[in-house]
Amino acid sequence: MSDGAIESADYRQFCAQVAQRETALLAPYAMHGAASAGRRHPEPPHPYRGPFQRDRDRVTHSAAYRRLSHKTQVFTGDLGDHHRTRLTHTLEVASIARTLGRALRVNEDLVEALALTHDLGHPPYGHAGEDALNECLAAVGGFSHNRQALRIVEELERRYPDFPGLNLSLEVLESQATRIDKAAAGLRPLLEAQVVEAADSVAYDTHDADDALRLGLLELPELLEVPLWREAGRRVARRWADLSDKELERAILHELIDWQVGDLLGGAVERLKAGRIDSVAAVRRAETIVRPGCELAEQKIELERLLHARVYRHPQVLAMRRQAQASLQRMFEQFLARPDLLPASFQDRIGTTGLPRTVGDYLAGMTDRFAEQQYARLTAG
Ligand code: MG
């Protein structure tokens, strides 16, 4: 054991108990830390933290994670201070995913590591930024936030002397890869990854409608025309009469999350039983286990249709989108023409990564605020 570490029989026993806790709590179809395939750069095990707990900690301490607090989810900071950022979205996903994960007795540490990783690759300005970078980088393979999250954790983060990236467990990398291509590994994603995917959908459907209401981009009566909201409204009305519009909105939002999580759990429990899923290998062979029931899935599509038509394509959101794309495109061209303006750590990467991808990595890492400052600096005079 390394210098300064506590070494005693009691301490060894304590560490062994920590490891046993996981075995005692998890279902046989969960991804157990002890069964992890390890890391690309092998590391000795930690005395009292499991591999996925370390993954989660590494993501939490990464610069890319901190930057999520100043990145757009759907709406930029210009529209107000109360709506979601990428960070608060990520935390909502982690919270819902942990609830699902705990109830299904899958590995909560892995669930949390995956939830905190899932949106790390988002560039500034949300999907508008992603589309702009995808165009800029078309000649070298384009840009996708899911792929960028992998680049960040495998390569771009520099925090450890022994390896580039965060050297996360192979299960985290594989799960993130299934977000790019569901059949990446030729098998179904781990249940922990399925839980995060489902939680992401619960979170954004609910909070995008919530943010749109708060920002005045949508009105409550419009949402109540959508079956999902109408049914949630009915359920709320059964419990409380005479709520104000604000109270009704909040109660519906809570109901929507609770209802969807209950539906996901109910369906998953049935599929686990019907398919006699008793191992990770069985999860990988089975149809998707954590998914909404047919009725709810259809209702979610209708809500998403409304959000697309009325919120994501709202004139204010579209104006923001155009501005964001123009500024990223202009910065991309400027840095291509003047690579000497890139920070030294990025200039060093040009030889191995190529100039366009290096510029793309630099721009993708920017927060909305930093992108605005850089744009002002580059275009001054
Ligand atoms: Mg997300």
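The values are calculated or read from the model by the stated rules, or taken from the named source; none is laboratory data. Here the structure is a predicted model, which is why all the values come from computation and not from measurement. In this analysis, Cβ positions are derived from the backbone assuming ideal geometry, glycine residues included, and neighbour counts consider all displayed protein chains. Surface accessibility is based on the protein's heavy atoms, side chains included, excluding ligands, DNA and RNA. Shrake-Rupley method; radii C 1.70, N 1.55, O 1.52, S 1.80 Å.
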Practice prompt. At 7 Å along the Cα-to-beta-carbon direction for both residue 241 and residue 69, put a label point, then send me their distance in nm to one decimal.
Written response: 4.7 nm
Worksheet item: In whole percent, how big is the carbon plus sulfur part of the accessible area of the chain, probe 1.4 Å, protein atoms only?
Response: 51 percent
Worksheet item: What nm distance separates the two modelled labels at residue 270 and residue 334, each placed 7 Å from Cα along Cα→Cβ?
Response: 5.6 nm
Worksheet item: Fully extended, how many nm does the chain gain between residue 326 and residue 379 (0.36 nm per residue separation, minus their Cα-Cα distance)?
Response: 17.9 nm
Discussion item. Check which residues have an amide H placed less than 5 Å from residue 121's amide H, if you skip close sequence neighbours.
Written reply: 149
Item to complete: Quickly work out the residue 297-to-residue 158 label distance, labels modelled 7 Å from Cα along the C-beta direction, and quote it in nm with one decimal.
Response: 4.6 nm
Response to the item:
Counting only protein heavy atoms and rolling a 1.4 Å probe, one gets per residue an accessible area for the chain in Å² of 49 Å²
Item to complete: For the chain, with a Gaussian network of springs between Cα atoms less than 10 Å apart, report the residue from 300, 71, 246 with the top mean-square fluctuation.
Response: 246
Worksheet item: Which aspartates and glutamates, on any chain, are close to residue 273 with Cα under 18 Å apart, when same-chain ones fewer than 8 places away are left out?
Response: 192, 263, 287
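Can you run the Rg to Rh ratio on the chain? Use alpha carbon positions and the Kirkwood inverse-distance Rh.
Working: Rg = 22.5 Å, Rh = 22.5 Å.
Over the Cα atoms of the chain, Rg/Rh equals 1.00.
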Worksheet item: Can you list the HN-Hα couplings for the stretch 373-380, worked out from phi with the Karplus curve (6.51, -1.76, 1.60; θ = phi - 60°), rounded to whole Hz and with x for Gly and Pro?
Response: 4, 5, 4, 4, 5, 5, 9, 5
Worksheet item: So how many Å³ per residue does the convex hull of the Cα atoms of the stretch 83-220 work out to?
Response: 133 Å³
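Checking the a/c ratio against 1.5 first, then a/b against b/c, what shape does the Cα gyration tensor give for the stretch 115-192?
oblate
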Response to the item:
the chain: relative contact order from alpha carbon pairs under 8 Å, six or more residues apart, as a whole percent, is 21 percent
Worksheet item: Just from its helices, what would the mean residue ellipticity at 222 nm be for the chain, if runs of 4 or more DSSP H residues each count -39500 (n - 2.57) and the sum is divided by every residue, rounded to the nearest 500 deg cm²/dmol?
Response: -19500 deg cm²/dmol
Item to complete: Could you calculate the contour length gain from residue 313 to residue 11, that is, 0.36 nm times the residue separation minus the distance between their Cα atoms, to one decimal place in nm?
Response: 102.9 nm
